Amino acid sequence: MRSLLTAAAISLAFTLFLTPVFLRLFRRWGWGQVIRTPEDVHNPSHGAKRGTPTMGGTIFIAGSLVGYFIGTYAGSNPPTLSGLLVIWMMVGFGLVGFIDDFMKVRRQNSLGLSGWRKVTGQVVVVVVFGILALNFPNEWNQTAASPYVSLFRDIPVLSFMAFGAVIGWILYLVWISFIGVAASNSVNVSDGLDGLAAGSAIFVTSALALIAFWQFKQPCDLDALESGLQAACYHTRDPFDLAIIASSFIGALVGFLWWNAPKAQVFMGDVGSMSIGGVIAALAILTRTEILLAVIAGVYVVASGSVILQRLYFKLTRGKRLFLMSPLHHHLEMRGWPEITIVVRMWIIAGLLALTGVGLFYVEWLVRT
């Protein structure tokens, strides 16, 4: 517990108290938000946000790293492969987003990396993650990830390796690449209003942290065998370390939200939204809750889903629109909802969906016991 609390407290203090220092540097470097030209802006009030410091995701990435490493040291829990893999996804996706943000700031327009270049960068990060996660077993022959599709735990009948080693590896890498890219871009799509993506991420990551900690308390060890609870135990590798990095990330997000809440004094940028997606995807894969993530992170599914529905409807009806504008939160803006109302209500939805996911996870455990 010392590691968990220390990691969360240090990362919280880092982003809460040091963000103003970073903002002064960002202003000096010219890292200001680029807004589209007035005639293209869907909401004129967004024009006032021009020049607000952006790329704030670098702050909570740094805070998460500091909190995690201090927390593991303070609690005498050395970093594990699983924790480092989450960091890899956070930093790797964050780097892709940083390049995109930097190009926008330097060119002073809203065009950064093309969509396919973003996806390519994300896939490269996920493939490296996937290869490392399915190798290097520990002393109990556990790997960080598994070659199965998972819901609450691995689904035995859905094994990629049933198709052979080569095809199995390809299917496995395609699957986790889909999870990583979908999670990252869904968070990115939701990052359109002050505090929406960061606040929602706190609920989502908290749910995954709670799941990881529960798996730590229910390991498949000798006690589980003797107590007859072997059917309900979890084969997750390094669940406590996953809970530590998740707690550190939560603390960093809470401190950042202090400055990002409406009216935001800093934006996270793509470096922030993509890194959030990377952490969420990594935690879901490593805790064996890949499909359950669609419920836990349902608020992001709604955001990206509204964009997909808008485009499909536009093509099928040859020019008609399902929403006034997608994603959904911009549709609500155009319906006259105040920004703060939309953000808070989305936080409520995010909390309810995250709680629902944890509840389903716990019910599955109760059924097995």
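List of remarks:
- Calculated mean residue ellipticity, 222 nm, the chain: -22500 deg cm²/dmol, from DSSP H runs (n ≥ 4) at -39500 (n - 2.57) each, averaged per residue and rounded to 500.
- The magnitude of the dipole of the stretch 224-369, with charges of +1 and -1 set on the Cβ of Lys/Arg and Asp/Glu and taken from the Cα centre, is near 840 debye.
- Computed over the stretch 256-369, Cα set: Rg, Dmax in Å: 16.9, 54
- Nearest 10 degrees, 0 to 90: helix 239-260 Cα axis against the chain principal axis: 20 degrees
- Most to least accessible of Val174, Val86 (protein chains only, probe 1.4 Å): Val174, Val86
- With all protein chains modelled, accessible area of Met1 [1.4 Å, Å²]: 120 Å²
- Within the same chain, lysines fewer than 8 places from Lys263 are excluded, and of the rest, those with a Cα less than 20 Å from its Cα are Lys49.
- Across the alpha-carbon atoms of the stretch 276-343, the computed radius of gyration and Dmax are 15.0, 43 angstrom.
- Using alpha-carbon coordinates, inclination of helix 81-107 to the longest axis of the chain, degrees: 10 degrees
- Note that the chain presents 46 Å² accessible area per residue, ligands and nucleic acids not counted, probe 1.4 Å.
- The stretch 94-154 - convex hull of alpha carbons, volume per residue in Å³: 115 Å³
- For the stretch 248-303, the alpha carbon convex hull comes to 91 Å³ per residue, rounded to a whole number.
- Lysines whose Cα lies under 20 Å from that of Lys118, excluding same-chain neighbours fewer than 8 positions away: Lys104
- Annotation for Tyr73 and Asn138: the two label points, set 7 Å from Cα along the Cα-Cβ direction, are 2.2 nm apart.
- Label point distance in nm, Val166-Leu322, each placed 7 Å from Cα along Cα→Cβ: 4.0 nm
- Evaluated at q = 0.08, 0.13, 0.16 Å⁻¹, the base-10 log of the normalised Debye intensity for the stretch 67-210, with identical point scatterers placed on the Cα atoms, takes the values -0.28, -0.74, -1.06.
- The long axis of helix 196-217 is offset from the longest Cα principal axis of the chain by roughly 0 degrees.
- Taken over the Cα atoms of the chain, the convex hull encloses 143 Å³ per residue.
- In plain terms, the chain from Val174 to Gln265 could stretch by 28.9 nm, reckoned as 0.36 nm per residue minus the Cα-Cα distance.
- Here, P(r) means the percent of Cα pairs in each 5 Å bin from 0 to the largest distance; for the stretch 129-236 it is 2, 10, 14, 19, 19, 15, 11, 6, 3, 1, 0.
- Restricted to Cα atoms, the stretch 120-171 shows a radius of gyration and a Dmax of 11.9, 35 angstrom.
- Dipole moment magnitude, nearest 20 debye, the chain about Cα centre, only Lys, Arg, Asp, Glu C-beta charged: 1380 debye
- Principal semi-axes in Å for the stretch 50-152 [√(5λ), Cα gyration tensor, largest first]: 31, 20, 9
The values are calculated or read from the model by the stated rules, or taken from the named source; none is laboratory data. Keep in mind that what you see is a predicted model, and the values were worked out from it rather than measured. Using ideal geometry, Cβ is built from the backbone for each residue, glycine included, and neighbour counts are taken over all protein chains shown. Ligands, DNA and RNA are stripped out before the accessible areas are found, and what is left, the full protein with its side chains, is counted by its heavy atoms. Shrake-Rupley method; radii C 1.70, N 1.55, O 1.52, S 1.80 Å.
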